[in-house]
Amino acid sequence: MIRMNDFASEPAELLQQEVAACERVLRSGNFILGNELGLFEERWARFCGVKFCAGVGNGTEAIELGLRALEIGRGDEVITTAMTAIPTVFAIIHAGATPVFADIDPETALLDLQSVKRCMSPRTRAVLLVHLYGRASGMGDWTAFCRDAGIHLLEDCAQAHGAFCDDQSAGSFGAWGAFSFYPTKNLGARGDAGALITNSEEIDARVRTLRNLGTTKRNEHPAVGWNSRLDEIQAALLSARLDWLSQFNARRQELACRYSAEIKSPLIRPLRSPASTAEHVYHLFVVRCSERERLASALADSQIETLVHYPIPVHRQESCTVFPRDPNGLPHAEAHAEQCLSIPCHPQLREDEVDLIINALNQFKL
Ligand SMILES: *Cc1c(COP(=O)(O)O)cnc(C)c1O
């Protein structure tokens, strides 16, 4: 079976580095808020070209604490995309704010600016962009729009580690960028972990207080906080895996390049490629097909695993039906949810496996 992710096939050298990282932590005797976290935070901030990075427990809490740090909550609206992983939306709800769902551009599956404009209200405090599938495009337009509207630009970068738009890292355009290091992400821990990057010293300081039970100094808790810390073992593992990120992303881009050039079936439509390669780190390679279920089972018959990201747009989730949305509806998100299919695109994929996948796609018949 060709899998969507294949960690067991990762380089032996990486595994050795991970084992060494764990051993280093075990021997240090420090397990929470120690040197490894500080080191990883510094390295991740530098990689993203920002001043600050605060590690937290997971990506969902990175978004929630980021919103809390900006005092976005009750009575405030945050516009985001109807085509995202549910945590984007739950984080907004947990912060006490109201998510407002905008539609996507059908050719990129990313948030559509015209739809966002229709979602604006006097209560809008921020646009939370999601760099879905690993793509950060059109950031100049978003930056200008949010600045002119006097609202915050926020970035959910959970799928876009190492994506660059106009030579600037995903997560560095607005007030903050939130990352998840869930194991399957482009940069993944071996458990749960997340981080918030920012150029604002104030936002960084607030998140550091909030993540650690509102502690400013020992035994003093002026704010009600969370327990949302990135532990030392995960931080050490992330430092080891960060050394491989650029190489792994380059491999994903190579695979995507082959898919884009060699998928010829008129029944299968990949999303539009970006003008600049650096903008897309292909956390997922997504195609669209009007007979999605039949395509998925044809691929399964050829021993190729696929997944759907995401079959239910968030506004159709039972937990989210009450929230406001584009008055013109969300037709593109709904059509995408019915047709999208993610095919294997992980860095360990071999050329012969890619041949097999492309063949299976091109041979698909209705
Ligand atoms: C994975 C993901 C998250 C949440 O991250 P966790 O670390 O699992 O909490 C948020 N948004 C998007 C778009 C994601 O893909």
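What value, in deg cm²/dmol to 500, does the helix sum -39500 (n - 2.57) over DSSP H runs of n ≥ 4 give at 222 nm once divided by the residues of the chain?
Rounded to the nearest 500, it is -12500 deg cm²/dmol.
If one puts a single equal scatterer on every Cα of the range 1-149 and applies the Debye formula without solvent, what log₁₀ I(q)/I(0) results at q = 0.15, 0.19, 0.20 Å⁻¹?
-0.97, -1.23, -1.28
Ranked by Cβ crowding within 10 angstrom, fewest neighbours first, how are MET83, MET139, MET1, MET120 ordered?
Final ranking by Cβ density, sparse to dense: MET1, MET120, MET139, MET83.
I want to verify a result. In a Gaussian network model of the chain, Cα cutoff 10 Å, which of these has the top mean-square fluctuation: VAL100, VAL354, VAL207?
Comparing VAL100, VAL354, VAL207 in a Gaussian network model of the chain, the most mobile one is VAL354.
Hey, fewest Cβ within 10 Å first, where do ARG147, ARG269 land in order?
ARG147, ARG269
Go ahead and set up a Gaussian network model of the chain, Cα springs under 10 Å, then flag whichever of THR216, THR198, THR306 fluctuates most.
Judging by the Gaussian network model, the answer is THR216.
Which loop trypsin sites (Lys or Arg not before Pro) in the range 88-145, with loop taken from DSSP, have no more than 14 other Cβ atoms within 10 angstrom of their Cβ?
Those satisfying the criteria are ARG123.
Would you kindly derive the ³J(HN,Hα) couplings of the range 344-352 from the backbone phi angles with the Karplus curve 6.51 cos²θ - 1.76 cosθ + 1.60 (θ = phi - 60°), listing them in order in whole Hz, with x for Gly and Pro?
For the range 344-352, the Karplus-derived couplings read x, 8, 8, x, 8, 4, 8, 4, 5 Hz, x marking Gly and Pro.
Can you list residues whose amide H is under 5 Å from GLN168's amide H, if they're 5+ apart or on another chain and H is modeled 1.01 Å from N?
HN-HN under 5 Å from GLN168: empty list.
In whole Å, largest first, what are the principal axis extents of the Cα atoms in the chain?
That works out to 66, 54, 37 Å along the principal axes.
Once fully extended, how much extra length lies between THR143 and GLU318, figured as 0.36 nm per residue of separation less the alpha-carbon to alpha-carbon distance?
Full extension of this stretch gives 59.8 nm more.
Between LEU26 and THR184, what length in nm is gained on full extension when 0.36 nm per residue of separation is reduced by their alpha carbon distance?
54.4 nm
Fewest Cβ neighbours within 10 Å first, please rank PHE173, PHE40, PHE285 accordingly.
PHE173, PHE285, PHE40
Under a point spin-label approximation (7 Å from Cα along Cα-to-Cβ), what is the MET1-GLU338 distance to one decimal in nm?
About 2.9 nm, to one decimal.
Quickly work out the ASN219-to-GLN114 label distance, labels modelled 7 Å from Cα along the C-beta direction, and quote it in nm with one decimal.
6.3
Tell me whether the range 197-326 comes out rounded, prolate or oblate; compute the Cα gyration tensor, take square roots of the eigenvalues as a ≥ b ≥ c, and use a/c under 1.5 as the rounded threshold.
prolate
What is the spin-label model distance, in nm, from SER200 to GLU13 if the labels are put 7 Å beyond Cα along the C-beta direction?
4.1
Which of ALA160, ALA45, ALA136 ends up with the largest GNM mean-square fluctuation for the chain, with Cα atoms connected below 10 Å?
Of ALA160, ALA45, ALA136, the most mobile in the Gaussian network model is ALA45.
Read-outs: derived from the displayed coordinates by stated rules, not from any lab. Here the structure is a predicted model, which is why all the values come from computation and not from measurement. Using ideal geometry, Cβ is built from the backbone for each residue, glycine included, and neighbour counts are taken over all protein chains shown.
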